[in-house]
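Engineer: Let me begin by handing over the structure; questions about it come next.
Laboratory data are not the source of any read-out in this text; all were calculated from the coordinates shown. What you are looking at is a predicted structure, and each value in this text was computed from that prediction instead of being measured. Note that each Cβ is placed from the backbone with ideal geometry, even for glycine, and that neighbours are counted across all protein chains shown.
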Amino acid sequence: RYDTGRALYAMARNISDTWEVSGATGADPSDAIQVAWHPDLDLTNKEDAAGIISTANGLLTHAGTDEFGEDVVFERARLIILDSLRDLSSADESSSTEVKAVMGAIKFIRAYSDAAILVLHHTRKSRKDQPEALRGSNAIDGAADNIFRLVKNKRTDAITVEIEKARAIQPPSFQYRIITTTSPDGFVVKTVSAIEPPASTA
């Protein structure tokens, strides 16, 4: 019903080989995506953070059957996407103290769910006297293990993923675009298409 869930579902239903690679068949890849909508969720509230952990740890996702006809079930969430940081807490994002509490709650969720946490956040509007940067306190940048900046070229629709911070391996930046089509049965299908870098002339 909501933007994130609709976009993820539309892209996931176009993946044809996910389960064949893992040895499981007979399941729609989008079955592995669970979208929860909680308008009053507040990460400054420990009970709300604990609720996310409980939900993530209680998930049982049917992923088809294996070569012996046995059900393949994924236990617990592997990835939790929080969309977006500003909408998930009542904290003043300019306050280092309040932001640290929110980032601490996210680390708490990661520690007790054992899932990777992807937090969507926005940059402040660029100004001539101020370079583009993450909105809010520097505590957000300091607490993140990795920061990936998405920059869309409005002319070409190409989206560049710039790796701004990486605590482990430093991967190269890359580009992709989302191609939207309509299937014969009327479904809107979004396909992520990688943009290959130009061949080196050196």
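Engineer: Take peptides 162-170, 135-143, 79-87 and line them up by average Cβ neighbours within 10 Å, highest first, as a rough protection proxy. Intermediate values should be presented prior to the final figure.
Structural biologist: Values: 162-170: 11.0, 135-143: 17.0, 79-87: 15.4.
Result, highest mean first: 135-143, 79-87, 162-170.
Engineer: Here's another thing I want to ask about it. Computed over the Cα atoms of the range 142-202, what is the ratio Rg over Rh, Rh following Kirkwood?
Structural biologist: 1.11
Engineer: Using the structure shown, select from Lys125/Lys154; Lys107/Lys152; Lys107/Lys165 the pairs with a Cα to Cα distance greater than 27 angstrom.
Structural biologist: Violating the 27 Å limit, Cα to Cα: Lys107/Lys152.
Engineer: Right, something else. Which distance in Å, rounded to a whole number, links the C-alpha centroids of the range 40-93 and the range 132-183?
Structural biologist: Each part reduced to its Cα centre gives a spacing of 23 Å.
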